[in-house]
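Below: one structure, written as C-alpha cells.
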Amino acid sequence: MIKACLGLLAGAYALHFTSFVPDSDRIICALFAAVVLSQIGGRIAALLFLCGVLLFVAHARVVIADRVERKFEGDSMLVVVTVTEFPVQRGDTCVLVASPLDDARVPERLRLSWHQTDQRPRIGDVWQFEVRLKYPRGLMNPGGFDFEAWLFRSRFGATGYIVSGPRNMRLAQDAGSRLSRFRRDHVERLSAAIPNAESAAVVAAISVGARHLLAPEQWRRFADTGTSHLMAISGLHVGLASTFAYFVILSVCIALRSTWNHRRVALLAATATGIAYTCLTGFATPAQRAMLMLVIGAVAVLRYRELRPTLVLATACLILACANPLATMAPGFQLSFLAVLIIIWTAVRWRHPVPGGPVRRRANGGMRLALLQLALLAGLLPITALVFQRASLAAPAVNLLAVPVFSVVTVPSALLGVILQGPFAPLGDLASQLSAASVGFVDRALNAAAAVPHAVYPVARISGFAWLSLILVSSWAVLPPGWPGRHVSWLAIAALVCHRIDGPAPGCVDMRMLDVGQGLAVTVRSARHVLVYDTGPGFPDGGSSATRTLIPYLRAEGIDRIDRVILSHSDIDHAGGIRDLASEFSIDEVLSGEAITGEEFAIGSCANGQAWDWDGVGFNILHPPGEHEFSGNDASCVLHIQVGEHGILLTGDIGADIEALLLSRGALGRMEVVTVPHHGSDTSSTAAFVETLRPTLALVSAGYRNRWDLPLPRIVSRWESAGSSVYSTDAYGAVGIRLCGDTGIERLESNRDARRRIWSAPQDR
C-alpha cells in the first residue's frame with residue numbers, strides 16, 4: 001500500500017512541473033511501455049507511476065475543457081446562478097462563488113467580484129446577474145502566489161465581475177442544501193452572540209469551516225506565529241470531535257447498562273461524528289485526510305486487524321489522491337500528510353513509558369511536546385518556506401500554548417455551540433462565547449509573539465534541484481535515531497533559513513517590471529542597493545497589489561531593506577501600495593514627483609538634477625523641474641539609469657507634452673530599456689520620442705483585458721517599427737532583465753514563460 005501510494009503521488013507530482021497536457025497517443029505509448037516494463041522487471045512501480053499521471057491528466061482535461069470559451073470573454077452576459085459558498089466581503093466589494101443554472105455558455109464554477117455594492121448575497125441564494133467573464137488568469141511574479149494554480153485546483157472555469165445595474169436581482173432564497181442553510185444560520189447566530197468580530201470569525205471557522213469572516217490581518221498573525229493550522233479544519237479538529245463523541249457515547253452506554261459492546265458502539269459513533277463534522281465544515285483536504293484515517297482505523301479495529309499508523313496514513317493518501325489528484329497541488333495536502341508522518345515517527349520513538357515518578361513523567365512529557373514542535377518546524381520548513389517565504393521561529397513556543405487551549409477549551413466549546421440548537425440554543429450561545437473568550441486569550445499571546453524581534457524570519461526563494469535537495473536532506477533530521485547523518489542534516493535547515501540571493505556584480509543592475517495588473521511597479525537592484533519605482537495599485541476594498549506581488553517578490557529575493565522608493569506621481573495605480581510597503585520594510589528615503597499627504601512617513605520631492613551613484617551605476621532624475629506647476633500624469637518622475645554605455649528610462653505616466661519637453665532639452669538619447677509611458681496609451685509614445693530612444697526592449701505594464709484595451713496595437717507597432725521588442729505584463733507576466741555596462745543585456749526572462757504549467761493561461765501575444 002505504501003509503495004502504491006508513493007508511485008501514484010510521484011506520477012501526479014510529475015505533472016506539476018510540465019507545461020502541456022499529454023495527448024492520447026503519448027499516453028497510450030507510455031501505458032504500453034509501463035506494462036512491458038512491469039512484466040519484464042517483475043515490478044509495478046512504472047505502472048503505478050503512470051496511473052498517477054493518467055489520473056492527474058484526466059482531471060486536468062475536465063477542468064480545462066470547462067473553462068469559458070474565449071469568444072465570450074468581455075461580453076456582458078445575463079446568467080442565473082446559485083451562490084455555493086460563503087461570500088467574502090471586503091469593504092464595498094463582495095467576492096462570491098457561484099454555479100449557473102442550465103447555461104451551456106458558462107462553466108460550472110465561477111468566481112465573481114461585485115464592486116461598490118451594498119447587496120449581501122448569502123450562500124444558497126439564487127441570483128440573476130449581468131456578468132463579464134474572462135479566462136482563469138492570475139498575476140505572474142517570482143515569489144508570488146500562483147493564482148492560476150489555485151483557480152485550477154479549485155476547478156474554476158472563469159473569473160469575472162458583476163456589472164452594476166437593475167438587471168441584478170435575487171430570485172430565490174434558501175435554495176441550497178439543508179447543510180449550507182444550517183452553516184449560514186449558525187454563522188449568523190455566532191455574529192449576534194459574540195460581540196468581538198475577530199473572535200466570532202475564528203469560532204465560525206473552527207465550528208463550521210466558515211473562514212470568510214477572517215480579516216487579512218488575522219491571517220497574517222496566524223502565519224507569522226505558525227498557527228494557521230488552527231484555522232484549517234484538520235486532524236486536530238476532527239480528532240477532537242470524534243474523541244468527544246466517543247467518550248460521551250461510552251459514558252451513556254455504561255450509565256444505561258447496555259448489553260451492547262460499549263467500545264464498539266462508541267467507536268461507530270465517533271466515526272460517524274468525524275464524517276458528519278467533515279461534511280459540516282466544507283470537506284477541506286486536511287479534514288478529508290483525518291476522516292479517511294478515522295474510518296480506516298475504525299474498520300481495522302472492528303475487524304480485529306493490526307492497526308499500523310503508517311499504513312493507515314498511506315491508504316488515506318492513496319484514496320484521496322485517486323479521488324482528486326488535483327488536491328496534491330494544495331499546500332494543505334502536503335503539509336497535512338507530512339505533519340502526521342512526523343508525528344507518527346516521533347510517537348514511534350516515544351512508545352516506551354518513561355521510568356520514574358509522576359513529576360519526572362510530567363516533565364518528560366512537556367519536553368517531548370517541545371521536541372515534537374521542533375520536529376514539525378524542521379520537517380515542514382522546506383514547504384512553508386517555499387509557499388510563504390518565511391519561517392516562524394516562534395511557532396514551537398506559541399503552539400505549546402495555543403494547541404492545548406484549542407484542544408481543551410476552544411474546539412470542544414465551539415462544537416457544543418453547534419450541537420446545542422433549538423430549545424438548547426441559549427446554552428449553545430454560552431458555549432460559543434466561552435470558545436470566543438479562549439480565542440481572545442490565545443490572540444493576545446499571538447500578538448505578543450508576533451511583536452518579538454526576529455520571530456518571523458524571511459527565507460529567500462530556492463528553486464530547482466537545490467530546493468529538492470534541501471527537502472530530502474532536511475527531512476533526515478526528523479527520522480528516528482540510528483539513521484546515519486541524522487544530526488548533520490540540521491545543517492540543511494540552517495542553510496535554508498540563512499540562504500540569501502546575491503545581487504548583481506558592480507557595474508550591473510537587475511531590473512524587474514512586476515505584473516501588478518493595471519498599474520506599475522519596478523524594482524532595480526545593484527550590487528548593494530535596492531530601488532523601487534512605483535508600488536502598484538491600491539484597491540477600493542482596502543489593501544494593495546504591494547501585499548500580493550511586490551512584497552512577496554522582495555522577500556523571495558531575500559531583501560529586507562530598501563534604499564529608495566520613487567513614486568512617479570500620486571495616482572492610486574502607481575502609489576497605492578506605499579503604505580503597505582513601508583509597514584513591511586525599512587525604507588531610507590521616499591521621493592515623489594507629485595505631493596502626497598496623509599502618510600505617516602516623510603515623502604520628499606522628486607526633481608530634475610537629483611543624481612547619485614550606486615555600485616558603479618548612475619541614477620539621474622530628468623523630470624519634473626524643481627519648481628513646477630505640473631500635476632497628475634505630467635508630474636511623473638522620470639528616472640534615467642546609466643549602466644556603462646547603456647541606459648534605462650523609467651517614464652511613469654508622462655504624456656506627449658512632457659516627452660516634447662525632454663526632447664527639447666536634449667536630455668534623451670538611445671536607450672537599452674524603456675518603460676512605455678502611460679501603459680501604452682495614445683496620450684504618449686509620440687513618433688519623435690520613440691525614434692529618439694529606439695530601445696532594444698520596450699516594457700509595458702498593463703492588466704489583462706483592461707477596460708482601456710492597453711497597450712493599444714498602434715502604439716505597440718510604433719515601438720516595434722523602431723526596432724524594439726515589446727514585452728507587456730498582461731502577456732508575459734513579470735519581466736526581468738540583467739544589464740551590465742560591458743556586455744549589455746545578459747539575461748531576459750518572462751515569468752509566464754518560466755512558470756508555464758498545465759494550468760497556465762495562454763499568453764495572448
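A short reminder: the numbers here are calculations on the coordinates, not readings from a lab. Treat the numbers as computed from the prediction; the structure is a model and nothing was measured. Cβ sites come from the backbone with ideal geometry, for glycine too, and all protein chains shown count toward neighbours.
Things to note:
- If the chain linking Val408 and Leu748 were pulled fully straight, counting 0.36 nm for each residue of separation and taking away their Cα-Cα distance, it would gain 116.9 nm.
- Bridge orientation summary for the chain: considering DSSP beta bridges with both residues in this region, about 70 percent are antiparallel.
- Phi-derived couplings, Karplus 6.51 cos²θ - 1.76 cosθ + 1.60 at θ = phi - 60°, listed residue by residue for segment 299-311: 4, 4, 5, 5, 9, 6, 9, 5, 9, 9, x, 5, 5 Hz, with x used for Gly and Pro.
- Simple point charges give the picture: +1 on the Cβ of Lys and Arg, -1 on the Cβ of Asp and Glu, and for segment 508-753 a dipole about the Cα centre of about 520 debye.
- Rounded if a/c under 1.5, otherwise prolate or oblate - the chain, Cα gyration tensor axes: prolate
- Local charge for Asp125 was computed over the other residues whose Cβ lies under 11 Å away, with Lys and Arg +1 and Asp and Glu -1, and equals +4.
- Relative contact order of the chain, taken over Cα pairs closer than 8 Å and 6 or more residues apart, is 10 percent.
- Considering only Leu739, Ala602, Ser684, the residue lying farthest towards the positive end of the dipole of segment 508-753 is Leu739, judged by Cα position with unit charges set on Cβ.
- Extended-chain gain in nm, criterion 0.36 nm per residue less alpha-carbon gap, Thr117 and Arg561: 156.0 nm
- Whether segment 508-753 is rounded, prolate or oblate, judged on the alpha carbon gyration tensor where a/c under 1.5 counts as rounded: rounded
- Alpha-carbon centroid distance for the pair segment 393-417 / segment 143-159, whole angstrom: 31
- Summarising the strand pairing of segment 508-753, around 65 percent of its internal DSSP beta bridges are antiparallel.
- MRE, 222 nm, helices only [DSSP H, n ≥ 4, -39500 (n - 2.57), over the chain, to nearest 500]: -14000 deg cm²/dmol
- Positive-end residue of Pro166, Val106, Thr117, charge dipole of segment 70-176 with Cβ unit charges: Val106
- Gain on full stretching of the segment that runs from Ser605 to Arg181 - 0.36 nm per residue minus C-alpha separation: 147.1 nm
- Taking θ as phi - 60° and the Karplus parameters 6.51, -1.76 and 1.60, the scalar couplings of segment 110-123 work out to 10, 10, 10, 10, 10, 8, 6, 10, 9, 6, 10, x, 10, 4 Hz in sequence order, x denoting glycine and proline.
- Inter-label distance, Asp613 to Ile275: 7.6 nm, where each label sits 7 Å from its Cα along the C-beta direction.
- Prolate/oblate/rounded call for segment 643-765, Cα gyration tensor, a/c under 1.5 rounded: oblate
- Each peptide in 603-609, 242-248 gets a packing score, the mean of other Cβ atoms within 10 Å over its residues, and the list from highest to lowest is 242-248, 603-609.
- Remark: segment 608-619, residue by residue, has Karplus-estimated 3J(HN,Hα) of 3, x, 5, 8, 7, 10, 10, 6, x, 10, x, 10 Hz, where x stands for each Gly or Pro and the curve is 6.51 cos²θ - 1.76 cosθ + 1.60 at θ = phi - 60°.
- Assuming charge only on the beta carbon of Lys and Arg (+1) and of Asp and Glu (-1), the dipole of the chain about its Cα centre is about 4600 debye to the nearest 20.
- Net charge, Ser228 excluded, C-beta distance under 13 Å - Lys, Arg +1, Asp, Glu -1: +3
- Taking the Cα centre of segment 70-176 as reference, the dipole from Cβ charges on Lys and Arg (+1) and Asp and Glu (-1) amounts to some 200 debye.
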